[in-house]
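**Student:** Starting off with a structure, shown below.
The values are calculated or read from the model by the stated rules, or taken from the named source; none is laboratory data. Note that this is a predicted model, so its numbers are computed, not measured. FYI the Cβ positions are ideal-geometry reconstructions off the backbone, even for glycines, and counts take in every protein chain you see. What goes into the accessible areas is simple: the full protein's heavy atoms, side chains included, and nothing from ligands, DNA or RNA. Shrake-Rupley method; radii C 1.70, N 1.55, O 1.52, S 1.80 Å.
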Amino acid sequence: MNFEFQNPTKIIFGAGTIARLGEVVSEYGKKAMIVTGGGSVKRTGAFDKAVESLKSAGLAYVECTDVEPNPRITSVARGAKIAKDEGCDVIIALGGGSTMDAAKVMGAAALYDGNPWDMILHGQEEVYIPTETLPVITVPTLAATGSEANCGAVITNDETKIKSFIQIPLLFPKVALVDPELTVSVPQNHSAYGVCDIITHVMEGYFNGVDGTPIQDRFAEGVIINAIEYGRKAVANDENLEARAHVQWASIVALNGWVQAGVHMLAPMHMIEHALSAHHDLTHGAGLAIVGPAWMRFAAKYRPERFAQFAQRVFGLSSEGKDALTLGMEGIDAYETFLREIGCPTTLSEVNITGELFEQYAKDAALVVRDEDGKLLGRPPMTTEDIVEVLK
Ligand code: NZQ
Ligand code: ZN
């Protein structure tokens, strides 16, 4: 195992911590831009709490509202302009993964005169790699992406229907102020999609990483087992703050780099899902609930022992009298049953996606993370036909 690991984001975690926003932000600037989504934070009172804390610390703020789910590059450009024109010296991302991702790229785009799409990997010949950014403080209101404490951001170009990412250390938020109380208002469906996203983040490394990572395997299994246990409780009762807190922490641990250290993770389920949500504006976690089990059934044939281990350790299934592939497939069935139980869709027809563009999604999925032959990287690498087979 060879790896480097560094995650510089300071995490302040706990119910009520949003009251500390002013204190945290004042370490980084005097005038903040608060980035928000479609209005949930105004309805839930999270925005008022944030503003109260900023005011009591004597800080000024402007707003960038209406970042859409599956955030668009046009919103990033709009936010960067506001930050520039208003002379903001710090950015606060108050919302779900979409808001946080957009805010992270706005931070770098505010100090760049070109088109922020230059920074997002989309097969261009020359990628612009930003070297400076405004400091970003994340305040997540939905447990899913882990964006609050990682250096990735996923942005959509609506004109080209490409959804892709930037992942560079510069984009680590300075502080993640994580108040699980802010997530009790997340509706049941989005809570469930978030749980699926969390689980898929560690699964990508578990099933697509290198061999010989026993400690990381156990971390991943632990995250999945806890996400299932507390995810189920959070979906059943939105007000269950204990469950909300454990799911929120799982979302951070699942994608802050720790579980992935040494694993050399690839993410084919994500790449296929991003192609779908670029075209159909599907919620990311719902797309993963559809792609995940289908991809697993495809990949299990190539690596049955790994899937058998998953079935045994995560779902406690017995290996007695079964070969590895049979046991592995039972584990995938158990996972799919869980997804359905919490209310995730598991077929494309449930989200009204038909087969017409399957070839296109397959090509888009392999646009960036591919080998020399153009195959989507993963275990195994996938041809266009393989991806179409999974989608079917
Ligand atoms: O927009 P608002 O009004 O805020 O409503 C949102 C949105 O409709 C709502 N919501 C959020 N917090 C709420 C709430 N509703 C009630 N109460 C609250 N406390 O939930 C809806 C979904 O929000 P969104 O931010 O889109 O969801 P999520 O956190 O799942 O983020 C998804 C985006 O993140 C990307 C996805 O591709 C997608 O674009 N990802 C980012 C990653 C990263 N940065 O590391 C990794 C992921 O794999 C993922 O690709
Ligand atoms: Zn994800």
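**Student:** Given the criteria open to solvent by 10 Å² or more (accessible area, probe 1.4 Å), modelled with pLDDT of 95 or more and within 18 Å of G97 (Cα to Cα), does L255 qualify?
**Tutor:** Working: open to solvent by 10 Å² or more (accessible area, probe 1.4 Å): yes; modelled with pLDDT of 95 or more: yes; within 18 Å of G97 (Cα to Cα): yes.
So L255 passes the test.
**Student:** Answer with yes or no whether V90 is on the phi < 0 side of the Ramachandran plot, touching a Leu at 6+ places or on another chain (Cβ under 8 Å) and either at pLDDT below 95 or surrounded by fewer than 17 Cβ atoms within 10 Å (Cβ to Cβ) (or both).
**Tutor:** Here the answer is no, as V90 does not meet what is asked.
Residue by residue, here is whether (1) more than 16 Å from ligand 2 (Cβ to nearest atom); (2) under 22 Å from I12 (Cβ atoms) holds:
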residue	(1), (2)
V175	yes, yes
Q188	yes, no
Y193	no, no
G212	yes, no
I215	yes, no
V223	no, yes
A245	yes, yes
A254	no, yes
G257	no, yes
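**Student:** Report, ordered by the first and then the second residue, all pairs with beta carbons closer than 6 Å, sequence separation of six or more or different chains, a first member in region 62-74 that is among the acidic types (D, E), and a second member that is more than 7 Å from ligand 1 (Cβ to nearest atom).
**Tutor:** E63/I34
**Student:** For the structure I just gave you, tell me whether V195 is farther than 29 Å from A243 by Cα, among the aliphatic types (A, V, I, L, M), assigned to a helix (DSSP H, G or I) and within 11 Å of ligand 1 (Cβ to nearest atom).
**Tutor:** Judged against the criteria, V195 is not a match.
**Student:** Select from region 264-282 the residues that are open to solvent by 10 Å² or more (accessible area, probe 1.4 Å) and away from ligand 2 (no atom under 11 Å from the Cβ) and list them in ascending order. Explain how you work it out, then say what you get.
**Tutor:** From region 264-282, those open to solvent by 10 Å² or more (accessible area, probe 1.4 Å) are 264-267, 270-271, 274, 279-282; that's our starting set.
Scanning region 264-282 gives H264, M265, L266, H279, H280, D281, L282.
**Student:** Sticking with this structure for a sec: Of everything in region 111-132, what is buried (at least 22 other Cβ atoms within 10 Å of the Cβ) and outside any helix (DSSP H, G or I)? Give them in sequence order.
**Tutor:** Result: I120, single match.
**Student:** Still on this structure, I have one more. Can you find, within region 12-66, the residue that is nearest to ligand 2 (Cβ to nearest atom) among those that are in a strand (DSSP E or B) and aromatic (F, W, Y)?
**Tutor:** Checked region 12-66; the qualifying residue nearest to ligand 2 (Cβ to nearest atom) is F13.
**Student:** While we're on this one: Determine the pairs where a residue that is acidic (D, E), located within region 269-284, has a partner that is within 10 Å of ligand 1 (Cβ to nearest atom) with Cβ atoms under 6 Å apart, the partner being 6 or more residues away or on another chain.
**Tutor:** Final answer for the pair search is E273/G287; E273/L288; D281/N70.
To keep it simple, each residue is scored yes or no on (1) more than 16 Å from ligand 1 (Cβ to nearest atom); (2) over 20 Å from the mean Cα position of the chain (by Cα); (3) among the hydrophobic types (A, V, I, L, M, F, W, C).
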position	(1), (2), (3)
V24	yes, yes, yes
Y28	yes, yes, no
G39	no, yes, no
R43	no, yes, no
C64	no, yes, yes
R72	no, no, no
K81	yes, yes, no
V90	yes, yes, yes
G97	no, no, no
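**Student:** Then there is this: Keeping to region 367-392, report how many residues are buried (at least 16 other Cβ atoms within 10 Å of the Cβ) and among the hydroxyl-bearing types (S, T, Y).
**Tutor:** Selection size over region 367-392: 1.
**Student:** Follow-up question, since we're still on this one. Report, by residue number, each residue of region 232-268 that is under 16 Å from the mean Cα position of the chain (by Cα) and in a helix (DSSP H, G or I).
**Tutor:** If the condition is that a residue be under 16 Å from the mean Cα position of the chain (by Cα) and in a helix (DSSP H, G or I), then V247, Q248, W249, A250, S251, I252, V253, A254, P268 are the ones that fit.
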